[in-house]
Amino acid sequence: MKRIFSGIQPTGEIHLGNYVGAIRNWVTLTDEYDCVFCVVDYHAITVEYEISEFRKRAIETALILLACGLSPEKCKIFVQSHVPEHTELAWIFNCVTPIGELERMTQFKDKSKQHRANINMGLMDYPVLQAADILIYKAGFVPVGEDQVQHIELSREVARKFNARFGNVFPEPQALLSMAPKILGVDGEAKMSKTLNNYIGLLEDEEVMWEKLRTAVTDVNRVRRSDPGNPEICNIYTIHRAFSDNRILLDVDKGCRTAGIGCIDCKKMLFKNMIAELGPIREKALSLMKDTDYVIDVIRAGAKKCSAIAKATMAETRSALGILA
């Protein structure tokens, strides 16, 4: 089976955007690929974080992956720092990566604006470590959204530069673009984010979830209940596309354009479908929270499997470099 690698940061509560944009797709991919999924804790330390909460967040992130349907029998789930070959390979890749390539990364520019008081080398070097994350497992595919394609292109270039200088060791990974709708935050403007406080948490109580959805921005041009709307520019309709079937989508589209239904009616229909899918995930997560030893066992077993692959890749890499064994 062809191998896939993808990672998720333990930076806070997993939200609707993470689930629809990535995790739900990961579950499907485990039927077709040899999948490696990583809680990328070293990536998360490039910005300020609560040290006392960090270990807990790593466990909770892995727990949510399991609750969403990722099975340790069908994929590998582990924590990045438990396989030190990631950072060893990143250093080697630093030596073939031009600084100019890193300076032009869109994410580095954005993060530098968000964290002006802490523009560190890790922020710039983030995509090199990401390339190492992927290539230490010689993954051929990386499921990503459009905002991450630039990083995958850099990973391809890093592999190409290494291979040209030291021999053909690494594949050039391909981006596997997600077909999921791009969900914005409840403000209807920015990407869903805990930092921006515009998110709906995957494990939030139904009452909290409904309150956030109830007050979420819809079509700003629809001021009154009697005004017709345009679902094409409404974030709520975009979320509908992730949780509702075609029949409901057609009803919502028609009802919105003709003012046959109001925004609250539309949100109630959406909420019902969201809870039908997310309710069982929340129940499973709450159950796993009572047995975190199981979660820790899963990520340790995943790290053991991944470590064997990573060690073999590093042995091949060191040989190619001419490093003394």
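A short reminder: the numbers here are calculations on the coordinates, not readings from a lab. Being a predicted model, the structure only gives us computed values, none of them experimental. We place every Cβ from the backbone using ideal geometry, glycine too, and count neighbours over all the protein chains shown.
So in the chain, what percent of DSSP beta bridges are antiparallel if you round to the nearest 5?
On the way: 2 of 18 bridges.
Of all bridge pairs located within the chain, approximately 10 percent are antiparallel.
What angle do you read, to the nearest 10 degrees and between 0 and 90, between the alpha-carbon axis of helix 121-135 and the longest principal axis of the chain? For helix 121-135, the angle is close to 80 degrees. Taking the 0 to 90 degree range and rounding to the nearest ten, how far is the long axis of helix 51-67 tilted relative to the main principal axis of the chain, both from C-alpha atoms? Tilt relative to the chain: about 70 degrees.
What you get for segment 127-260, charging only the Cβ of Lys and Arg (+1) and of Asp and Glu (-1), is a dipole of about 380 debye around the Cα centre. Give the cross-link partners of Lys268 among the lysines, using a straight C-alpha distance below 18 Å as the criterion and excluding same-chain residues fewer than 8 apart. Within the straight-line limit of under 18 Å, Lys268 reaches these lysines: Lys212, Lys254.
Counting only Cβ charges, +1 for Lys and Arg and -1 for Asp and Glu, the dipole size of segment 206-286 around its Cα centre is about 120 debye. Peptide packing: for 48-59, 207-218, the average count of neighbouring Cβ atoms within 10 Å per residue gives the ranking 207-218, 48-59, highest mean first. Rounded to the nearest 20 debye, the dipole magnitude of segment 1-74 is 160 debye, with +1 charges on Lys and Arg beta carbons, -1 on Asp and Glu beta carbons, and the Cα centre as origin. What does the charge add up to near Asp297, with Lys and Arg as +1, Asp and Glu as -1, over the other residues with Cβ less than 15 Å from its Cβ? Residues close to Asp297 contribute a combined charge of +2. Residue-wise HN-Hα couplings along segment 228-243, as the Karplus relation 6.51 cos²θ - 1.76 cosθ + 1.60 with θ = phi - 60° gives them from phi, are x, x, 10, x, 5, 10, 9, 5, 5, 5, 4, 5, 3, 4, 8, 10 Hz; Gly and Pro carry x. Near Leu29, once Lys and Arg are set to +1 and Asp and Glu to -1 for all other residues with Cβ below 12 Å from its Cβ, the sum equals +1.
Efficiency by 1/(1 + (r/R0)^6): what FRET value for Ile323 and Ala276, r their Cβ-Cβ distance, R0 = 45 Å, to the nearest 0.05?
Details: r = 55 Å, r/R0 = 1.22.
According to the calculation, E is roughly 0.25.
Here's the picture: charge each Lys and Arg Cβ at +1 and each Asp and Glu Cβ at -1 in segment 112-169, and of Leu154, Ala164, Gly140 the one pushed furthest to the positive end of that dipole is Ala164.
Residues Phe78, Phe170, ranked from the fewest to the most other C-beta atoms within 10 Å, line up as Phe78, Phe170. Oblate is the label for segment 111-199, because the ratio a/c of its alpha-carbon gyration tensor axes (a ≥ b ≥ c) is 1.5 or higher and a/b is not greater than b/c. Calculated [222 nm] ellipticity per residue, helices only, for the chain: -16500 deg cm²/dmol; basis is -39500 (n - 2.57) per DSSP H run with n ≥ 4, divided by all residues, nearest 500. Once the Cα atoms of helix 246-257 and of the chain are each reduced to a long axis, what angle between those two axes, in degrees from 0 to 90 to the nearest 10, is obtained? Taking the Cα atoms of the chain, the angle to 246-257 is about 60 degrees.
Arrange Asp245, Asp187 by Cβ neighbour counts within 10 Å, fewest through most, would you? It would help to have the intermediate numbers written out before the result.
Numbers: Asp245 9, Asp187 15.
Least crowded to most crowded, the residues run Asp245, Asp187.
Using the number of other C-beta atoms within 10 angstrom as an exposure proxy, rank Thr11, Thr28 with the fewest first. All intermediate terms of the calculation are to be shown ahead of the outcome.
Numbers: Thr11 19, Thr28 11.
Going from sparsest to densest Cβ surroundings: Thr28, Thr11.
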